[in-house]
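**Q** First, the structure itself, so that you have it in front of you.
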Amino acid sequence: MEKSAYLDAMGVTRWRSADAKGKPYLIIYDSEADNNGADISQHPLVTEVLSLLNIALADCDFDTEMVKGMQVVWDMRKLKVRPRVAWLVSSPLDELQQGHQAKRELWQQIYQHLSKAA
């Protein structure tokens, strides 16, 4: 078992230096094991959604849990936790690819977010 997957399964959070300047936006997802080992940051659907929101990929950090002080743009985990602070909340990426209902709900959220911003 990969070390990070083992730590995730145990619920151990990763240490982050307070001095390290982080990126302003966060996308939360389930582990790569749940996404067939794929790097979701390079997925066409993710890059398209970010471009619709006018967010550069370089300004986003991808993690499996909340990081204090970062604006959560998209929460695509199976188990949602409260409070829901993300701009977008959807099914995991593999479910988005398979079902049209999950995609429709995501696009509606994008539309609502863009309408508020305008």
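The values are calculated or read from the model by the stated rules, or taken from the named source; none is laboratory data. All figures in this text were calculated on a predicted structure; none of them were measured in a lab. Here Cβ is always computed from backbone atoms with ideal geometry, including for glycine, and neighbour counts include all displayed protein chains.
**Q** Within the range 74-95, is even one residue among the aromatic types (Phe, Trp, Tyr) and closer than 27 Å to MET10 by Cβ?
**A** Checking the range 74-95: at least one residue is among the aromatic types (Phe, Trp, Tyr) and closer than 27 Å to MET10 by Cβ.
**Q** May I pose another question? Exactly one condition in (1) surrounded by 12 or more Cβ atoms within 10 Å (Cβ to Cβ); (2) hydroxyl-bearing (Ser, Thr, Tyr); (3) over 16 Å from TYR29 (Cβ atoms) is not met by SER51; state its number.
**A** (1)
**Q** Of a type in the set (Gly, Ala, Ser) and at pLDDT 90 or above: does that describe ALA33?
**A** no
**Q** One residue is enough: does the range 69-91 have a residue meeting the conditions hydrophobic (A, V, I, L, M, F, W, C), out of contact with any strand residue (DSSP E or B) (no Cβ under 6 Å at 6 or more places or on another chain), over 16 Å from LEU26 (Cβ atoms) and modelled with pLDDT under 90?
**A** Yes, because at least one residue in the range 69-91 is hydrophobic (A, V, I, L, M, F, W, C), out of contact with any strand residue (DSSP E or B) (no Cβ under 6 Å at 6 or more places or on another chain), over 16 Å from LEU26 (Cβ atoms) and modelled with pLDDT under 90.
**Q** Separate question: Restricting to the range 100-113, what's the tally of residues that are surrounded by fewer than 12 Cβ atoms within 10 Å (Cβ to Cβ) and either at pLDDT below 90 or within 15 Å of the chain's Cα centre (by Cα) (or both)?
**A** 1
**Q** Can you tell me how many residues within the range 67-118 are closer than 21 Å to ASN54 by Cβ, free of Cβ contacts under 8 Å to residues at least 24 places away in the same chain and in a loop (DSSP other than H, G, I, E, B)?
**A** The qualifying residues number 3.
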